[in-house]
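Read the structure below first, then the notes.
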Amino acid sequence: MRQKLVETLINKDIKDKDVLKAIGKIPRHLFMDSGFIDHAYQDKAFPIAADQTISQPYTVAFQSELLQIEPGHKVLEIGTGSGYQTAVLLELGARVYSIERQQELFKKTSKFLPKLGYRAKSLIFGDGYKGMPVEAPFQSIIVTAGAPYVPNPLLSQLAIGGRLVIPVGDDVQVMTLFIRKGPKDFEKHEFGDFRFVPMLEDKN
Ligand code: SAH
């Protein structure tokens, strides 16, 4: 079933071999509530705890591909959620720092990931709008919730040459890539429309 999902993603034009390999390896069904296990290898988003969703595999693959992660890269993720995207980043060899603002999900996922052998450098309960200044700069930052605007702290926590992948918009989000060319110089690229749960301010 997992291999079929990989084929679906290839048909949807995901090309990065390492990303496909990660998705072909990670047991997505274990990241979902038992009621949805039968659906785990469909290319769809599904509900997880705290009214949030595990992102659609295509979206995870699309964002991961844009990050161009190399082994050892320091990567910040906003919106740990189920931890599925975190696991993909870890499979790609990144050193992962991740922030989640829902206490329930933060607790659940912090316990769950190490059980599968996925060890992030740091999982914190906090507000992703602020990023993680003590650990900056990051080679990549990925936001997995729909951001009404681009938070400045995230741009300033990027290393020179670093990449921020963030879905920007209210009801529908445009997948946006920022590449930091210099201290004040950012290149911006826009991709297609996606739909995410909203990026909310402060902790819950
Ligand atoms: N990558 C996750 C996506 C979960 S959905 C997965 O595939 O499972 C988006 C997540 O972002 C939710 O868990 C939500 O609680 C979280 N989130 C929303 N606003 C946030 C913020 N300001 N800081 C950190 N996390 C946030």
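The values are calculated or read from the model by the stated rules, or taken from the named source; none is laboratory data. Because the structure is a prediction, the values reported are computed rather than measured. When we count neighbours, we look across all protein chains shown, and the Cβ atoms used for this are built from the backbone with ideal geometry, even at glycine.
Some observations on this one:
- Counting the residues of the range 115-140 that are under 19 Å from VAL174 (Cβ atoms) and in contact with a Gly (Cβ under 7 Å, 6 or more places away or on another chain) gives 2.
- Which numbered condition HIS39 fails, given (1) more than 17 Å from THR109 (Cβ to Cβ); (2) in contact with a Phe, Trp or Tyr (Cβ under 9 Å, 6 or more places away or on another chain); (3) surrounded by 15 or more Cβ atoms within 10 Å (Cβ to Cβ): (3)
- One residue stands out among those in the range 103-122 that are over 21 Å from LYS25 (Cβ atoms) and within 11 Å of the ligand (Cβ to nearest atom): the one that is surrounded by the fewest Cβ atoms within 10 Å (Cβ to Cβ), which is GLN103.
- Flag if GLN139 is closer than 17 Å to THR53 by Cα, at pLDDT 95 or above and not β-branched (Val, Ile, Thr): no
- So ASP171, is it more than 25 Å from TYR58 (Cα to Cα) and away from the ligand (no atom under 12 Å from the Cβ): no
- Options VAL75, VAL60, VAL19: the member that is part of a helix (DSSP H, G or I), under 13 Å from the mean Cα position of the chain (by Cα), aliphatic (A, V, I, L, M) and under 18 Å from LEU113 (Cβ atoms): VAL60
- Residue among PRO71, PRO57 that is within 30 Å of PRO153 (Cα to Cα) and surrounded by fewer than 22 Cβ atoms within 10 Å (Cβ to Cβ): PRO71
- If the condition is being part of a strand (DSSP E or B) and either away from the ligand (no atom under 16 Å from the Cβ) or closer than 19 Å to LYS130 by Cα (or both), then the range 184-201 contributes ASP185, PHE186, GLU187, LYS188, HIS189, GLU190, PHE191, GLY192, ASP193, PRO198.
- Some residue of the range 30-44 being part of a strand (DSSP E or B), in contact (Cβ under 8 Å) with a residue 12 or more places away in the chain and within 22 Å of ILE10 (Cβ to Cβ): no
- Within the range 42-51, the set of residues being near the ligand (Cβ under 9 Å from one of its atoms) and surrounded by fewer than 22 Cβ atoms within 10 Å (Cβ to Cβ) comprises ALA45, ALA49, ALA50, ASP51.
- In summary, strands (runs of 3 or more DSSP E) completely within the range 100-177 and bearing 1 or more residues that are touching a His at 6+ places or on another chain (Cβ under 8 Å) occur at 138-143.
Here's the yes/no breakdown for (1) within 23 Å of ASP16 (Cα to Cα); (2) within 11 Å of the ligand (Cβ to nearest atom):
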position: THR80; (1), (2): yes, yes
position: GLN85; (1), (2): yes, yes
position: LEU90; (1), (2): yes, no
position: ARG101; (1), (2): no, yes
position: GLY126; (1), (2): no, yes
position: TYR129; (1), (2): no, yes
position: ILE141; (1), (2): yes, no
position: THR144; (1), (2): yes, yes
